[in-house]
Amino acid sequence: MSQTQKDLTDILQKVQGVGRVEVMVTLERSSESQYLYEEKKSVDAMAGQNGKSRESTERSYLLVEDQNGKKQAVVQSTLEPVIKGVLIVCDGGGDPTVEGRVLEAVTTLLDVPSNRVYIAKKGG
C-alpha cells in the first residue's frame with residue numbers, strides 16, 4: 001500500500017459515519033526525477049554532401065561524489081505523482097451525508113477533481 005493510500009485510510013477512518021474503510025489510489029504517473037545535464041552541439045559543415053551540414057548533440061549528466069565515493073547524478077527537480085483516480089469503499093458509503101464528507105476530504109487532500117473519486121458502500 002502506498003503512503004498516500006495509508007494516510008488517506010487513516011484519516012478517513014476518523015471522519016464521522018465512515019466506519020471501516022479501504023482506499024485505492026491509481027496513478028497516471030509516479031514521481032520522476034529530472035537530472036542536470038550539459039548539452040554540446042556541434043555542426044560539421046564539411047561532413048554532408050551537396051553543401052549540407054551535419055549537426056550532432058552530446059549530452060552528459062552532471063555527477064557528484066557522495067561521502068562513500070560513489071558518483072550520482074545531480075537531481076534538478078522531482079515531478080510529483082499525478083493521481084488518475086481514487087476508490088473509497090467504506091461502511092458509510094451509500095449515505096449521501098457521509099459520501100459528501102468523504103468526497104470533500106479526498107478532493108481537498110489530494111487536489112483531485114470530484115469526477116476522479118468514487119465512493120462505494122462496503123459489502124459484508
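The values are calculated or read from the model by the stated rules, or taken from the named source; none is laboratory data. Keep in mind the model is a prediction, meaning the values are calculated, not measured. Don't worry about glycine lacking a Cβ; one is built from the backbone with ideal geometry, like all the others, and counts go over all protein chains shown.
If you go through region 7-25, how many residues are under 15 Å from Leu110 (Cβ atoms) and surrounded by fewer than 12 Cβ atoms within 10 Å (Cβ to Cβ)?
Of the residues in that region, 1 qualify.
Only one of Lys41, Lys71, Lys6, Lys14 is over 28 Å from the mean Cα position of the chain (by Cα) and not aromatic (Phe, Trp, Tyr); which?
Of the residues listed, the single one that is over 28 Å from the mean Cα position of the chain (by Cα) and not aromatic (Phe, Trp, Tyr) is Lys41.
Kindly establish whether Lys41 is modelled with pLDDT of 90 or more and surrounded by fewer than 11 Cβ atoms within 10 Å (Cβ to Cβ).
For Lys41, the condition - modelled with pLDDT of 90 or more and surrounded by fewer than 11 Cβ atoms within 10 Å (Cβ to Cβ) - is not met.
Every residue, every condition in (1) in contact with a Cys (Cβ under 8 Å, 6 or more places away or on another chain); (2) farther than 22 Å from Lys6 by Cβ; (3) modelled with pLDDT of 90 or more, yes or no:
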{"position": "Tyr37", "(1), (2), (3)": "no, yes, no"}
{"position": "Arg54", "(1), (2), (3)": "no, yes, no"}
{"position": "Ile88", "(1), (2), (3)": "no, no, yes"}
{"position": "Asp95", "(1), (2), (3)": "no, yes, yes"}
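Which residues, counting only those in region 17-38, are in a strand (DSSP E or B), within 26 Å of the chain's Cα centre (by Cα) and more than 30 Å from Thr97 (Cα to Cα)?
Arg29, Glu32, Ser33, Gln34, Tyr35, Tyr37
Return the total of residues in region 88-109 being surrounded by fewer than 16 Cβ atoms within 10 Å (Cβ to Cβ) and not acidic (Asp, Glu).
Going through region 88-109 one residue at a time, the tally reaches 6.
Restricting the search to region 69-86, which residues are surrounded by 13 or more Cβ atoms within 10 Å (Cβ to Cβ) and either among the small types (Gly, Ala, Ser) or touching a Ser or Thr at 6+ places or on another chain (Cβ under 6 Å) (or both)?
Ala73, Pro81, Gly85
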